[in-house]
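One structure is given here, and the rest of the page talks about it.
Values quoted throughout were computed directly from the atomic coordinates according to the rules given, and no laboratory measurement underlies them. This structure is a prediction, so every number in the text was calculated from the model and none was measured.
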């Protein structure tokens, strides 16, 4: 088994830890991590999150389509907001996936010497997912740590899961996905040059380049808040293929029209907090019809964002 690495400020001895992929850091993840941080603090122990990259499902199922709900940087940011003391990231690949649960836990314990493991109620790890609660508890008696299972957070739709959130995003159900995440879904990246059509029709847009592994929601028009250079601007976002201008669908693009904004921001980083889907992408008979629809989208965006703020 390879050595554990990529630790950020991990302090050895007496730690309380949790283990998981935590993609998206949704409300269920947050519940486990908050419980870990609060109880570790009460016992004056460090709280450590052990996670994996690439995502095990990405490796084991060989997913080729964009998959991740959070970039590594976004996940780190959420961990900081949850006041996690340290994060240990373990590289996951096919050889590693064959590691028996006992070998993994022995290696991890030799690295961290943790005293408490907190996991979700249905958590498993190790080859063939053998490391369930009962096995981890047995291993813990040998190594000297205790295991606590945290009950899941449930919504009206059932248990929260990253896979369920991915399904919602692929269906364009951004508001439902946001409720399970506990915050707006984010996509971010540098502003790059597009084809300039927005400027020519009087509605300039910023084209966003995102990490190719990041899951971008279904094509359509969205109300969003855009963060640029430390400030936030209400925005209309078009995710799609621009069918009004291209007979053959163009590559999928993310075009952002920032309201009450006229600065040149090429090359700068932008973060979009997607709030609500306004409509599907449509093909219009003329540029004028598109402009009229965008004006309606702008009005609807202002209403949606005003409502979301209350």
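Compared with the dominant Cα axis of the chain, that is its longest principal axis, helix 133-143 is turned about 50°.
Does the range 120-227 classify as rounded, prolate or oblate by the C-alpha gyration tensor (a ≥ b ≥ c root eigenvalues; a/c under 1.5 gives rounded; else a/b over b/c gives prolate, otherwise oblate)? Prolate is the answer for the range 120-227, as a/c is 1.5 or above and a/b outweighs b/c.
Across all Cα pairs in the range 91-162, the calculated P(r) in 10 Å bins from zero up to the longest distance comes to 18, 45, 28, 8, 0 percent per bin. Mean projected area of the Cα convex hull of the range 143-194, taken over all directions, amounts to 7.0 nm².
Would you mind classifying the chain by shape? Square roots of the alpha carbon gyration tensor eigenvalues, ordered a ≥ b ≥ c; an a/c under 1.5 is rounded, otherwise it is prolate if a/b is larger than b/c and oblate if not. It would help to have the intermediate numbers written out before the result.
Details: a/c = 2.49, a/b = 2.26, b/c = 1.10.
Here the chain falls in the prolate category.
For the range 7-159, the spherically averaged projection of the C-alpha convex hull amounts to 9.1 nm². Secondary-structure-derived ellipticity at 222 nm for the chain, considering helices only, amounts to -9500 deg cm²/dmol, per-run term -39500 (n - 2.57) for DSSP H runs with n ≥ 4.
Only Cα pairs under 8 Å and at least 6 apart count here; give the relative contact order of the chain as a rounded whole percent.
Numbers: 584 pairs, mean separation 51.1, N = 310.
Averaging sequence separation for qualifying contacts and normalising by length gives 16 percent for the chain.
Against the chain, whose longest principal axis is taken from its Cα atoms, helix 101-112 shows a tilt of about 90°. In the Gaussian network model of the chain, springs joining C-alpha atoms below 10 Å, which of 279, 263, 271 carries the largest mean-square fluctuation? Answer for the Gaussian network model of the chain: 263.
Shown here is the pair-distance distribution of the range 184-308: with all Cα-Cα distances grouped in 10 Å bins from zero up to the longest one, the shares run 13, 50, 34, 3 percent.
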